[in-house]
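Everything on this sheet refers to the single structure shown next.
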Amino acid sequence: MKLDQYLQELTAAKREVLLGRDTADPLHEAFASKRVVHAGLIGGPIPQAEQQRAYQKALGRPADLNRQHALYIHIPFCQTKCLYCGFYQNASRQDVEDAYVKALLGEIQVEAKSSQMEKTAIDCVFIGGGTPTSLSAANAAALLKTIQQSFKLTQNCEVTLEGRIHDLVPEKIETWLQYGVNRISLGVQSFDTTLRQRIGRIDTREEVLKRLQLLKSYDVTVIVDLIYGLPGQTMDMWMRDVQTLAEADVDGMDLYQLNIFPGGPLDKAVKNGVVPPCADIGGQADMYVAARDYLLSEGVERLSLCHWRRTKRERSLYNTMAKAGADVYAFGCGAGGHFGGISWMNQRNLTDYQQDWEKGQKPIMMAGHQVEAELGRVCDGIISDLEKGFVDFRRLLIADSRLEEVEQVLSLWQERGLLVEDLGIYRLTRSGEFWYISLTQSLVECVQVLLDEEAEAPAEEINGRTTDALDEVLAEMLPEANAAKRQELASKIPAAVRMMLRRSSKEKLRNMLAGMPAAMREKMLAKAGV
Ligand code: SF4
């Protein structure tokens, strides 16, 4: 029994991270903390010297017509930095934006002519950030026109632009719609004026509602995100936000749990008493359940555990397709994608991105092989199903009989009040829904143990702390950095890349980091404050 043996060999602490704990109150205590969200599975890393060749090889192959195809385009600018944000990259500045858009259009135009992309039908486009709506109308028009002219978008193609309420002015809205945007996703986070300003948002509640109304006077799908667990946010404030949104004229909504990045600005602001504390994990669980029950009672349709729709206009194609394993062609500073056997992430630093592009090469920061096809398919299926609230054990058995062993984990979670089984389908209970990211990550790791001969023991993650091969190799390479600094450094590596690094052997990691240019090493140390 491979999984059984694996579980036996884990330390008690690691086993608890993986399986959770036995408690009479699973909603609040099933796990000690939420597991880190990993963006997906990535196979072994591709050495830096081989990355360009591997990428060009993938571009030279015809597209896999059995898959759907999406474009992801990243705009790494924001007008202001939100207190809780772990994704902020650069402040908006017109001259910098102009130069960036020029490089971005070049990257798109060159690759769109490749065998991989030239004739491939694109089912959805997602322009994310950062704050894509912060682009000037002229730059937004140039980008959208380039997308339309360079790719074969399907007739029903969903074209999403992410952004902020503050940018909703007629000149910009009309430009976006004229050049094909049909879905706008807005990070409102809260309608409460005091809370909004506390976290770095600009507009008042009245202004937010007025601008939303303006946007809905156009023919476009509107999605609004809210966050629960913000500093000083009470249950009353949260439920007022949810009710306001349920009554607002929007097509869909996302309700996200606040993530506090250790050592980040919000963490520091709370510790220094600059802002009131945030809800703890138990408080967040109560907020999740209260909003969930309210929206269901109001007849709002749930598309996934955190995504809801009020009208049928909302399709949420990009999120659904990306989670279900569609090929994603990605462009721009900090964008990441996967197709043709390769997963990669572009440079996150704007200067590095532009310099690489000027040298005529794909601005790759990290690249890895996509996981072996069967393992990837099974894991994509688990991620996609759990997002909708269930695990189909029958499908796992059909995919590979070795997955029979997964049942012991599912049964354990059923005993612990996180799942309920019915004819081979395990549905999440309300408690299970709140912990679904932990369950997803753990289940994917169990599947890896059973199907991936090279799987390594998962990193130990307790309250955001990680000890693993990556940490040990960082300690060798950066002896000046103590454990806390190394942890801070690791937390700054994008989740997908971190996952890839953790799946490497120490030997591979040493080779990769040994080739790190001195300037990059200095930058890493400076970032960690060493
Ligand atoms: S707008 Fe979005 S990406 Fe920019 S700082 Fe705020 S949360 Fe972060």
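The values are calculated or read from the model by the stated rules, or taken from the named source; none is laboratory data. Since the structure is predicted, the reported quantities are computational estimates derived from the model, not experimental observations. Here the Cβ is made from the backbone with ideal geometry for all residues, glycine too, and neighbour counts use every protein chain on show. For the accessible areas, the whole protein counts, side chains as well, though only heavy atoms, and no ligand, DNA or RNA atoms are used. Shrake-Rupley method; radii C 1.70, N 1.55, O 1.52, S 1.80 Å.
Observations on the structure shown:
- In segment 397-423, residue nearest to Val378 (Cα to Cα) [restricted to those that are part of a loop (DSSP other than H, G, I, E, B) and open to solvent by 10 Å² or more (accessible area, probe 1.4 Å)]: Asp400
- The set of residues from segment 359-379 being more than 16 Å from Ala58 (Cβ to Cβ) and either among the aliphatic types (A, V, I, L, M) or crowded, with 21+ Cβ neighbours inside 10 Å (or both) comprises Met365, Leu375, Val378, Cys379.
- Filter pass, Ile202 being aliphatic (A, V, I, L, M), at pLDDT below 95 and over 20 Å from Ile281 (Cβ atoms): yes
So that you can scan it fast, the table gives a plain yes or no per residue for (1) among the polar types (S, T, N, Q); (2) open to solvent by less than 20 Å² (accessible area, probe 1.4 Å); (3) more than 16 Å from the ligand (Cβ to nearest atom):
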residue: Asn90; (1), (2), (3): yes, no, no
residue: Leu105; (1), (2), (3): no, no, yes
residue: Glu111; (1), (2), (3): no, yes, yes
residue: Asp123; (1), (2), (3): no, no, yes
residue: Leu135; (1), (2), (3): no, yes, no
residue: Thr146; (1), (2), (3): yes, yes, yes
residue: Gln149; (1), (2), (3): yes, no, yes
residue: Asn156; (1), (2), (3): yes, no, yes
residue: Thr160; (1), (2), (3): yes, yes, no
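- Some residue of segment 328-343 being polar (S, T, N, Q) and farther than 30 Å from Tyr426 by Cα: yes
- Within segment 17-49, being outside any loop (DSSP other than H, G, I, E, B), of a type outside the set (A, V, I, L, M) and modelled with pLDDT of 95 or more holds for Pro26, His28, Glu29.
- From the options Leu161, Leu177, Leu143, residue that is of a type outside the set (Ser, Thr, Tyr) and free of Cβ contacts under 8 Å to residues at least 40 places away in the same chain: Leu161
- Residue in segment 215-227 that is open to solvent by 20 Å² or more (accessible area, probe 1.4 Å) and of a type in the set (A, V, I, L, M, F, W, C) present: no
- Residue match in segment 93-103 (condition: β-branched (Val, Ile, Thr), at pLDDT 95 or above, open to solvent by 10 Å² or more (accessible area, probe 1.4 Å) and within 16 Å of the ligand (Cβ to nearest atom)): yes
- Within segment 425-439, the set of residues being within 22 Å of the chain's Cα centre (by Cα) and either of a type outside the set (Gly, Ala, Ser) or part of a loop (DSSP other than H, G, I, E, B) (or both) comprises Leu428, Glu433, Phe434, Trp435, Tyr436, Ile437, Leu439.
- Of the residues making up segment 68-88, those that are more than 10 Å from the ligand (Cβ to nearest atom) and open to solvent by 20 Å² or more (accessible area, probe 1.4 Å) number 2.
- Residue ID - farthest from Leu258 (Cα to Cα), chosen from residues in segment 87-125 that are touching a strand residue (DSSP E or B) at 6+ places or on another chain (Cβ under 8 Å) and in a helix (DSSP H, G or I): Glu111
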